[in-house]
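Single-structure report; data block below.
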Amino acid sequence: MASTDRVSKEGLTPLPQFKGNPGWEFTDISKLDLGSFEPEEPVDAAPAIFDMPANAAPLEDGHELLGSVVTKEDAFTVRNRERWEHGALVHVPAGERLEEPVVIRAGVGDALEWRTLIVLEEGAEAEVWEEWVSGNGGEGFFNGVTEIVLGEGATLHYVGAQALNDSTWVFANQRAVVARDATLDWSALAFGSMRGKVWMETKLAGQGSSARVTGAYVSDGRQHLDFDTLQEHAAPDTVSDLAFRGVLGGRSSAVWRGMIQVDPGAQKTDAFQECRNLLLSKKAHADAIPGLEIQADDVRCTHAAAIAQLDKDQVFYLRSRGLPEHTAQRLIIDGFLQELVARLAEGQIREITAGALEARLAELLA
């Protein structure tokens, strides 16, 4: 079927075209045959990152907030809305604080349409860890929607991890709406998949709300990772801080496109975004594209992006002190990523993230 004729389902909602639709200039999905993937039950899969049993409640259709946060009408969100049958619900009542993390695990066999809804009412506090993992080694398809709603003064630490096998397509739309004086600390880890695209959007909807978004990806082989992030400031006196780090080996590639959007009236906005990539191979490739869209006049918004190979001078310096080349390279990479880990709150989240990065780097550098 010609790419111009490709559709998501029964002639509905065309698939985005490589270099033909905004946001798809770097990710070619022309080899994706959606018709060959029919949604199945989640499969049992060993924990890839979070060594704890899943304990979230199942999500059922009909929840009043379901579909109210992610409202995209692209092929993947429409398909998910029409076909999903499995997902997880975390709902914390007003004023309550969960003492233990909620763990969500989506095991992918051939295909999985998955939804997650996280709702924290006024003044609630929680940690939620979610991971998407493969249950087999064959080609797969994961399509997820994550919706996060934080009430006034709520605090959420959310960690989303993706460790799918390198034959699986991944698509996800994730969006959070943060009310007055609420705080979101969102971490994302991406180690697997073959190709796809993930949207991560945060709307600071209430005055005094804040969001910190921290992302790390490590790729190898011919993997291609694509992140599209949005920090929307829709109210005054809001703060957002986003930082991504990527380590790429083999012939892998990655793209990060970030946008800080300041809506009219969102004065006193303080927003920052950066993406830095470290290439371990001359055939690895990364693109980092920050952006600003500002419609208020009393704001502070900055961004940064960098892509570089391993610094030969740093490697030489460490080797001149008696370290083997492999060890010298590992120390430089560790230092590059530790800046990211230091952004995370002390405790289990930082320990898990540091351990996951260490394990993934061991695989990459083996």
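The values are calculated or read from the model by the stated rules, or taken from the named source; none is laboratory data. Please read these numbers as outputs of a predicted model, since none were measured by experiment. No Cβ is skipped: glycine too gets one built from the backbone with ideal geometry, and neighbour counts run over all protein chains shown.
Reported count of residues in the stretch 332-347, each being assigned to a helix (DSSP H, G or I) and surrounded by 12 or more Cβ atoms within 10 Å (Cβ to Cβ), is 8. Within the stretch 319-341, the set of residues being on the phi > 0 side of the Ramachandran plot and under 30 Å from the mean Cα position of the chain (by Cα) is empty. All conditions in (1) over 20 Å from the mean Cα position of the chain (by Cα); (2) modelled with pLDDT of 95 or more; (3) surrounded by 13 or more Cβ atoms within 10 Å (Cβ to Cβ) hold for Glu40, with the sole exception of (2). Scanning the stretch 22-75 for residues that are of a type in the set (Ser, Thr, Tyr) and either touching a residue at least 40 places away in the same chain (Cβ under 8 Å) or part of a strand (DSSP E or B) (or both) yields Thr27, Ser68. Candidates Glu131, Glu147: the one that is in contact with a strand residue (DSSP E or B) (Cβ under 6 Å, 6 or more places away or on another chain) and closer than 19 Å to Gly347 by Cβ is Glu131.
Checked against (1) modelled with pLDDT of 95 or more; (2) surrounded by fewer than 16 Cβ atoms within 10 Å (Cβ to Cβ), Ala288 meets all criteria but (2).
Every test in (1) modelled with pLDDT of 95 or more; (2) outside any strand (DSSP E or B) is passed by Gly137 save one, and that test is (1).
For (1) closer than 25 Å to Ala126 by Cα; (2) β-branched (Val, Ile, Thr), each residue gets a yes or a no:
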{"residue": "Asp33", "(1), (2)": "no, no"}
{"residue": "Ser36", "(1), (2)": "no, no"}
{"residue": "Glu41", "(1), (2)": "no, no"}
{"residue": "Ile49", "(1), (2)": "yes, yes"}
{"residue": "Leu59", "(1), (2)": "yes, no"}
{"residue": "Ser68", "(1), (2)": "yes, no"}
{"residue": "Glu82", "(1), (2)": "no, no"}
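Annotation note: of Leu65, Leu120, the sole residue that is closer than 25 Å to Gly206 by Cβ, in contact with a Leu (Cβ under 6 Å, 6 or more places away or on another chain) and modelled with pLDDT of 95 or more is Leu120. The residues of the stretch 89-133 that are over 25 Å from Arg180 (Cβ atoms), β-branched (Val, Ile, Thr) and either buried (at least 23 other Cβ atoms within 10 Å of the Cβ) or more than 18 Å from the chain's Cα centre (by Cα) (or both), listed by number, are Ile104, Val108, Val133. Of all the numbered requirements in (1) free of Cβ contacts under 8 Å to residues at least 60 places away in the same chain; (2) farther than 27 Å from Gly137 by Cβ; (3) in a helix (DSSP H, G or I), Val78 misses one, and that requirement is (1). Taking residues in the stretch 301-312 that are surrounded by 17 or more Cβ atoms within 10 Å (Cβ to Cβ), and partners anywhere that are among the small types (Gly, Ala, Ser), the pairs with Cβ atoms closer than 8 Å and at least 6 places apart or on different chains are Cys301/Ala271; His303/Gly258; His303/Gly291; Ala305/Ala288; Ile307/Ala286; Ile307/Ala288.
Considered as a group, the residues in the stretch 63-88 that are touching an Asp or Glu at 6+ places or on another chain (Cβ under 9 Å) and acidic (Asp, Glu) include one that is surrounded by the fewest Cβ atoms within 10 Å (Cβ to Cβ), and that residue is Glu82. Among the residues of the stretch 245-303, those identified as in a loop (DSSP other than H, G, I, E, B) and polar (S, T, N, Q) are Ser252, Gln267, Ser281, Gln295. Would you be able to say whether some residue in the stretch 32-53 is touching a Leu at 6+ places or on another chain (Cβ under 7 Å) and acidic (Asp, Glu)? Yes, that holds for at least one residue. Note on the stretch 134-143: among residues that are touching a residue at least 60 places away in the same chain (Cβ under 8 Å) and surrounded by fewer than 22 Cβ atoms within 10 Å (Cβ to Cβ), the one that is farthest from Ala356 (Cα to Cα) is Asn136.
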